[in-house]
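Have a look at the structure below before the remarks.
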Amino acid sequence: MKAGVKKYLKLILKIAVTATALFFVFSRIEGKKLLESYGNLSLMPLFAALAMFMFSKLVAAIRLNVFLKSSGIVISEKENVRLYLLGMFYNVFLPGGISGDGYKIYLLKKKFNVPAGRVFSAVLVDRISGVLALFTLSVIIFYFIDFASFARSYAWLLIPLGGLSFFLVVSRFRNDFRAIALGTSLLSLGVQSSQLICAWLIMQSLNMTGRETEYLFVFLISSIVAILPVTVGGIGSREVTFLFGAGVLGLDANLSISLSLMFYFITLAVSLTGAFFVFREPLRDYSPHNKPTGQST
């Protein structure tokens, strides 16, 4: 099968899965209550949520740059943030074309003349670091919710197990990343903690009082599920997770979906700023004297 045909088939499949997921979700909630929750929004917490989300992405960009510098790819934080925003734009608005990570790998390989595998490993481990942070926070919050209490005493064991797994993955892909594993893991916790605060602020803007811990736990699980490349920009998969999570934990399904969609709208708004760099290359200030020499996989 030709690559072009395969790409469009994947896009059609993603759109179909997204549409099916959203239809499933909206057929099981009350649209009137959903609209009412948005009609009574408190704006100050919402703006604070937007600011917190932007801060989380700034920290995420800094984390990626740590991995890139360890790979001998030296770009300024300003250039790095531009590249990160453009990657977010591609991930959300061009799901059938080049992905954000794919574009970053392509551009950095081209600019620095380094093997694609070297850039790929930096981007991949950066992603895995973020998933580990989500997993860690999920385990911590799980301890404080009224669900499966028999597992609480053992859930903590998953945190060191996850850390060990990450260390083994880092050692497998790039031994030179071991020196920055702890620092980047702390940055990842900062990223995901900031997004957790963002979700909490959205809840305040929606006047969601009571059982905040349970809603935040489902939010973390939905963030892990949304990473899977099965829907367009993660929309649909996060909402289905919230719907099922609300059912299992006895939460309000309408408020759960309101929270999920508002977080997606904030993601959409911030990702849209990356469109500017479609027309102005993010590494336009790159100077050849920064190019590393003698890099190898």
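Count Lys and Arg as plus one, Asp and Glu as minus one, and take only other residues whose Cβ is under 14 Å from that of T241; the net charge is then 0. With Cα atoms defining each centre, region 227-262 and region 114-131 are spaced 28 Å apart in the structure. Kirkwood analysis of region 1-59, using all unique Cα-Cα pairs, places the hydrodynamic radius at 15.2 Å. Going from the residue with the fewest nearby Cβ atoms within 10 Å to the one with the most, S171, S193 rank S171, S193. Structural size metrics of region 92-161, computed from C-alpha coordinates, are Rg and Dmax of 18.4, 54 Å. Annotation: Cα Rg of region 51-192 relative to the compact-globule expectation 2.2 N^0.38 Å equals 1.15.
Farthest towards the positive end of the charge dipole of region 65-200, among the residues L137, V123, S153, is the Cα of V123, using unit charges on the Cβ of Lys, Arg, Asp and Glu. Compared with the dominant Cα axis of the chain, that is its longest principal axis, helix 237-249 is turned about 40°. Between the Cα long axis of helix 43-70 and the first principal axis of the chain there is an angle of about 30°, rounded to the nearest 10.
Kirkwood analysis of region 167-297, using all unique Cα-Cα pairs, places the hydrodynamic radius at 17.7 Å.
For the pair S165 and K7, the difference between a 0.36 nm per residue extended length and the Cα-Cα distance amounts to 53.7 nm. Residue exposure proxy: L34, L186, L157, ordered by other Cβ atoms within 10 angstrom of their Cβ from fewest to most, comes out as L157, L186, L34. Quick check: the distance between the Cα centres of region 1-72 and region 164-211, to the nearest angstrom? Cα centroid of region 1-72 versus Cα centroid of region 164-211: 17 Å apart. With 10 Å bins beginning at zero, the pair-distance distribution over Cα atoms of the chain amounts to 6, 25, 33, 25, 10, 2, 0 %. Normalised by the number of residues in the chain, the mean separation of alpha-carbon contacts (under 8 Å, six or more apart) gives a relative contact order of 34 percent. 3J(HN,Hα) along region 28-35, derived from phi through the Karplus expression 6.51 cos²θ - 1.76 cosθ + 1.60 where θ = phi - 60°, amounts to 10, 10, 9, x, 5, 5, 4, 5 Hz, with x in place of Gly and Pro. For the chain, the longest principal axis of the Cα atoms and the long axis of helix 116-142 meet at an angle of about 30 degrees.
Only the coordinates and a few stated rules stand behind these numbers; no lab work does. Source: prediction; values computed, not measured. With ideal geometry, Cβ positions are generated from the backbone for all residues, glycine too; neighbour counts draw on all protein chains shown.
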